[in-house]
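Quick notes on the structure that follows.
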Amino acid sequence: MTLLVVLLSGAAFAAERPRLGVMIIVDQLSAEAFRARLPQATGGLERMTHEGTTFHELRYEAAPTITSVGHATLVTGAYGRIHGIAANDWIDGATGKPCLSTEDPSHTVLGRDPRPRDGTSPRWLKVPTLADTVRGHHDAAKAVSISAKDRSAILTAGHAGTAVWLDVDKPFFTTSSFYAKELPVWTKGVNEKLAKLVLAGTFAWGLPGGGVTGKAPELPKASRQGDSEPFAERPELQPLLDTAEIDLALDAVRALELGKDEVPDLLTISFSGHDRIGHEFGPDSPEGLNEFLHVDRELGRLLTALDAQVGKGRYVVVFTSDHGVAPVPEVAQARGLDAGHFDAKGLLAKLEAELDASLGKADWFAGYKTPGYSFHPAQKAKAVKAFDKLRAIALAEPGVLELLASWQLPEDGLGALYRRGLVEGRSPDLIVVTKPYWTYGRWDKTGHSSPWLYDRAVPLVVWGAGVKKGQAADAQAIDVAPTLSRLMGVPTPAGAEGHAIDAVFR
């Protein structure tokens, strides 16, 4: 009798083992915004939160809180000091030149001529992603990552998955020569739909640009992008791209037969539009709410389709975000809070003037990349000696709470957060910590990157095969990959610092 119970229990557990793991990342969604908007959700999020495990919040116990860093953390189970991604882009400590987190000149984007700076490969990742682990677990396993941002797709796909993203120059989903010699066949349908929309004048795509009703938006006189992301912060455009991502994901599921055999596969979808709208309009805006609710409806469509194609109870979904966002400073000010936009360029000029005055004229800084400044490699040894003077100047600047030296970070408090995110040779030498509700730079209405909880705390919902129903407290971002690994029955990524969250499992 006892043996029969054991055998039946084992059979039930095996039946719950998902064939497909799905990670959904909504770019720039704070836990606070998620809780405020959730009562209005009627699609996939309503289903997942009612039937799965909903956490109070998921915390990144590291800084800075930036897209590339957050995506890498979620899929490696490690913070920046381990996975190697310091920011979306950084200044190389050895050369003093800028570098994208997915920049690799040895590979090219498929379907067009190369640009000077393209995102093409995960060369800067130091440890395996969950996709790498899934693919390494079994020869028949497949892993696909889809996003409207190259960096989000590439960093979640890692080295062994397949990454597909919306191109910066043309409105079509593409990949690079790192992943394939030609575009995956399953991208054809969505790309043809996008081409028809352009021909019909539904939206235009400039260089850089994007818009609707056949007219691209007026662009800033000086482009601030400087990376491989299009200027696409148009609220009308994002729903089209969200829908395209889900269409593309379902086409991949059908074409590659994801979840059809007993070998677990992985599908990652990162919704970038929420971040683009958030920067332009803020988390309290109607535009931000509308985008969130559209994603919710698209997730409902995804779950319904996966029920039919993979089977109910044969897949598991993790829903989360790569980072949060600050309220628009002007909105925070109206609420009586000390808030504003930190002037990174203005402070840089003052720091350079101090070094010129105290140490002699020289090319002291290689530049600024959020959240700080990098010395010119040839001048660093001399410049670090003047840190106390530089710190005093920074502390007098509006909105600056602290200036940290990367070479002598405190072991506790804020220093501990930046220690976990520090990547030698990629992180800035001087780290600016803004006061709460002060954002980095003046080019966006609002932003992120800070160590404050509105940037570090994001939602986490786990739903599907093997997941219990209920509420849970807090978890760490480094726990996501180990948890999904255990649910899928694959090894935890080798560099993971986190652990599977027991509260999720039945």
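Observations on the structure shown:
- Test: Ala160 is small (Gly, Ala, Ser), more than 22 Å from the chain's Cα centre (by Cα) and outside the structural domain of Ala366 (by TED's automatic domain parsing): no
- Evaluated against (1) assigned to a loop (DSSP other than H, G, I, E, B); (2) in contact with a helix residue (DSSP H, G or I) (Cβ under 6 Å, 6 or more places away or on another chain); (3) crowded, with 22+ Cβ neighbours inside 10 Å, Ala141 falls short on exactly one condition, (3).
Conditions tested, residue by residue: (1) of a type in the set (Val, Ile, Thr); (2) touching a residue at least 60 places away in the same chain (Cβ under 8 Å); (3) surrounded by 22 or more Cβ atoms within 10 Å (Cβ to Cβ).
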{"position": "Phe271", "(1), (2), (3)": "no, yes, yes"}
{"position": "Ser285", "(1), (2), (3)": "no, no, no"}
{"position": "Gln309", "(1), (2), (3)": "no, no, no"}
{"position": "Arg314", "(1), (2), (3)": "no, yes, no"}
{"position": "Val317", "(1), (2), (3)": "yes, yes, yes"}
{"position": "Thr320", "(1), (2), (3)": "yes, yes, yes"}
{"position": "Gly324", "(1), (2), (3)": "no, yes, yes"}
{"position": "Val328", "(1), (2), (3)": "yes, yes, yes"}
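Residue-by-condition table, conditions (1) small (Gly, Ala, Ser); (2) surrounded by fewer than 21 Cβ atoms within 10 Å (Cβ to Cβ):
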{"site": "Ala366", "(1), (2)": "yes, no"}
{"site": "Val384", "(1), (2)": "no, yes"}
{"site": "Leu401", "(1), (2)": "no, yes"}
{"site": "Trp407", "(1), (2)": "no, yes"}
{"site": "Tyr418", "(1), (2)": "no, no"}
{"site": "Val423", "(1), (2)": "no, no"}
{"site": "Leu430", "(1), (2)": "no, no"}
{"site": "Tyr437", "(1), (2)": "no, no"}
{"site": "Tyr440", "(1), (2)": "no, no"}
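- Sole residue being modelled with pLDDT of 95 or more, within 22 Å of Ser272 (Cβ to Cβ), in contact with a His (Cβ under 8 Å, 6 or more places away or on another chain) and assigned by TED's automatic domain parsing to the domain that holds Pro482, chosen from Thr102, Thr108, Thr76: Thr76
- Ala473 vs. criteria of a type in the set (A, V, I, L, M), without any contact (Cβ under 8 Å) to a residue 40 or more places away in the chain and surrounded by fewer than 24 Cβ atoms within 10 Å (Cβ to Cβ): no
- Qualifying strands (runs of 3 or more DSSP E) (wholly inside the stretch 363-423; at least 1 residues being more than 23 Å from Arg456 (Cα to Cα) and not β-branched (Val, Ile, Thr)): 365-369, 372-375
- Residue match in the stretch 340-347 (condition: within 24 Å of His448 (Cβ to Cβ), surrounded by 15 or more Cβ atoms within 10 Å (Cβ to Cβ) and aliphatic (A, V, I, L, M)): yes
The values are calculated or read from the model by the stated rules, or taken from the named source; none is laboratory data. Quick caveat: nothing in here was measured; it's all calculated off a predicted structure. Quick reminder, even Gly has a Cβ in these numbers, built from the backbone with ideal geometry, and neighbours come from all protein chains shown.
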